[in-house]
Each structure stands twice: as structure tokens, then as C-alpha cells.
Amino acid sequence: MIETNTNNASNFVEQVDSTFVFIFGISLFFLLGITIVMVYYIIRYRKSKNAVATQIEGNNTLEVVWTVIPTILVVIMFYYGWSGWRFQKDAPEDAIPIKTIARMWSFSFQYENGKITDTLFVPKNKAVKLDLIAQDVLHSLYIPAFRLKQDMVPGKEDIVWFESGKEGEYEIFCAEYCGLRHSYMKSVVIVMPQKEFEEWNKVDSAAIANINPETAMRIAAQGILRKYGCNACHTSDGSKLVGPSYKNILGRSRIVIKDGQEIEIQADEDYIRRSIYDPNVEVVKGYDKGLMISYKDQVSEDEITQLIQYFESLSSN
Ligand SMILES: [Cu+2]
């Protein structure tokens, strides 16, 4: 359930909202003021009443008034905008750091203990600092309820921070058009009591003992696919998305394009490993090159082995 009442959802809500109301109020005042005066003059000086125009030669008082007042207003607006922005960039020393990774087309969040999730979990009443990393193209982290938005630029380190005062679930969007499935690039931040967060943070995702090994293997593999955001482009049910489905991927032959040549290749375990570590060397025919990035520094050999097992289980013979 997404929380709709955003009072106190983050420590920025009040300040951003009052800046918004201030700027909106000034804009509305001038919109109405100018429109009313304009309509009044149209009627007052219409042709039948005032056929010959009166020429007016400047007015110093008026010139000064309409230069000085708007300048003051704009400087006040700038001040509010600037100080609010500075504050959002200046995380407290003791803020909990969470690595926030954006890529086509999902977010993931890595906590201090190495745990990685696709939903952002944070404690209530505790400052949290998000270290932003874009792995492929421009993205933008947008949490409307927190009044927080920051572009994520590949190669550029940036942070945002916040402290939430209200438990609940809030939406996260990518606010920078980043390709085909940009509109699916969303997530959720869950604010929970500090105790619950600490408990949650301790629980190891591998604590799925005592279930049948086949199920454990599937759960683990699906966890890996979620963790790295693979499902933004691939499915397990045979349907084509941006990339081919994992279903029936193993053991089949397919045409790939390598060095500009079409070659037929048998999809064995080694091919799967190469597809994940060097995806743009052999590109499956009919799909685009350059969309999948190399996961060499991310997915471990052990995880690849687990994925291969899972892909095997999806291959009906
Ligand atoms: Cu994006």
C-alpha cells in the first residue's frame, strides 16, 4: 500500500513545499494581476472611446518600481531554492550509507553489510545517505513523497540524503528517459521502525534451509536475477522482452553475430558465462548490441553456476 499522506515523509517535505507555495503564489498573483489590468485596458481604451492614441514619454518612478520589485522577488526565490538544495547535498556524518545503483531498467540498493535488494529499506528517524551510481546511461532518482530528485550520471559520483519521520511505502521512479523500458523503471522505499530495520538487516537472504533443494536453487537463482536487475530485459516464461528469454536457452543452437559474421553456436554453459561477462562479443541475431552491459565485476562465478542450474531447469526437452 503506497502511503499518500506525505506529511513528514522526509525532512525536506516542509521546506520544499513552502518554497513551492511561495513561488506558485507569486506566479499566480502576477498572472491574475496582469490579466485583470490587460482586460480592463482593452475595455477602457477601446476604439469607440479612445480613437486617437495618447503618447506617453517614459516614467522614471514606474521603471524603478518594476525593475526593483521583481529583482527582489527573484532573489528571494533563488535563496530558497539554493539553500534547500545545499541542505539536500549535505548529509550528516552518521548517516547510513546505501549504495544506489541505476541501470537499464531497474534500481538496486546495497547496504553496508553487502546485502542487495531491489526495494529500498530504511529505518525511521535516522539519516540515510544514498551514494548514486549509474552503470550505463543517464537516470534520475525520484522519490516524490520525499521531495527528492537527483540525476544519476555515469562516471559522476553524487549523493542525496534524507531522514524519514513516517513509516510506510513510497514510490521511487526514474525521472530521466533512459530507453525502451524507462517507464518500468520504478521501485519502492519502505520506511520501518529502527528495531525492525536492524532485524531485517541481519537476516541473511541465504537463510532458506530445510526446503527441498530444487526449490532452494530456484529461489536463490531468482534472487540473483532480481539483485542484478536482469529481469528488466529477460523473462523466464519464454516471452521475448528486450533480450531473449532464459527458457530453453541451454542446449539449443542459435545464430549469433560475432565480429560482423553470423555464426551458429551451441548454447552450452560456457556460452552462458560469456553471454553474461562479455555480452557484446556474441550478439544473438535479432537483438540489439550494447544494451546489456558486462557483469564481470558483479556476478560471481558461483552465481553463474547457480544461474546455469536454473536455466537448465527451465529447458524442457
Ligand atoms: Cu532510468
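The values are calculated or read from the model by the stated rules, or taken from the named source; none is laboratory data. From a predicted model like this one, the values you see are computed outputs, not experimental measurements. When we count neighbours, we look across all protein chains shown, and the Cβ atoms used for this are built from the backbone with ideal geometry, even at glycine.
Criterion first (surrounded by 15 or more Cβ atoms within 10 Å (Cβ to Cβ) and either within 30 Å of the chain's Cα centre (by Cα) or not in a helix (DSSP H, G or I) (or both)) does Ile263 satisfy it?
Values: surrounded by 15 or more Cβ atoms within 10 Å (Cβ to Cβ): no; either within 30 Å of the chain's Cα centre (by Cα) or not in a helix (DSSP H, G or I) (or both): yes.
In short, no.
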The strands (runs of 3 or more DSSP E) lying wholly within the stretch 84-203 that contain at least 1 residues that are more than 30 Å from Ile23 (Cβ to Cβ) and polar (S, T, N, Q) are 106-110
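How many residues does the stretch 44-80 hold that are at negative phi and outside any helix (DSSP H, G or I)?
Here is the first cut: in the stretch 44-80, the ones at negative phi are 44-57, 59-80.
Adding the requirement that they be outside any helix (DSSP H, G or I) leaves 45-57, 59.
Within the stretch 44-80, residues that are at negative phi and outside any helix (DSSP H, G or I) number 14.
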Do we find a residue being under 23 Å from Thr117 (Cβ atoms) and among the β-branched types (Val, Ile, Thr) anywhere in the stretch 234-246? yes
Residue within the stretch 71-80 that is more than 16 Å from the ligand (Cβ to nearest atom), surrounded by 15 or more Cβ atoms within 10 Å (Cβ to Cβ), modelled with pLDDT of 90 or more and more than 30 Å from Phe22 (Cα to Cα) present: no
Any idea which residue in the stretch 145-198 is surrounded by the fewest Cβ atoms within 10 Å (Cβ to Cβ), counting only those that are away from the ligand (no atom under 16 Å from the Cβ) and under 18 Å from Gln135 (Cα atoms)? Glu157
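Which residues, taken from the stretch 128-142, are away from the ligand (no atom under 14 Å from the Cβ) and of a type in the set (Val, Ile, Thr)? Walk me through it before giving the result.
Taking the stretch 128-142 as the starting set, the residues that turn out to be away from the ligand (no atom under 14 Å from the Cβ) are 128-131.
Val128 - this is the single residue of the stretch 128-142 that is away from the ligand (no atom under 14 Å from the Cβ) and of a type in the set (Val, Ile, Thr).
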Suppose the filter is within 16 Å of the ligand (Cβ to nearest atom) and at pLDDT below 90; does Tyr228 pass it? yes
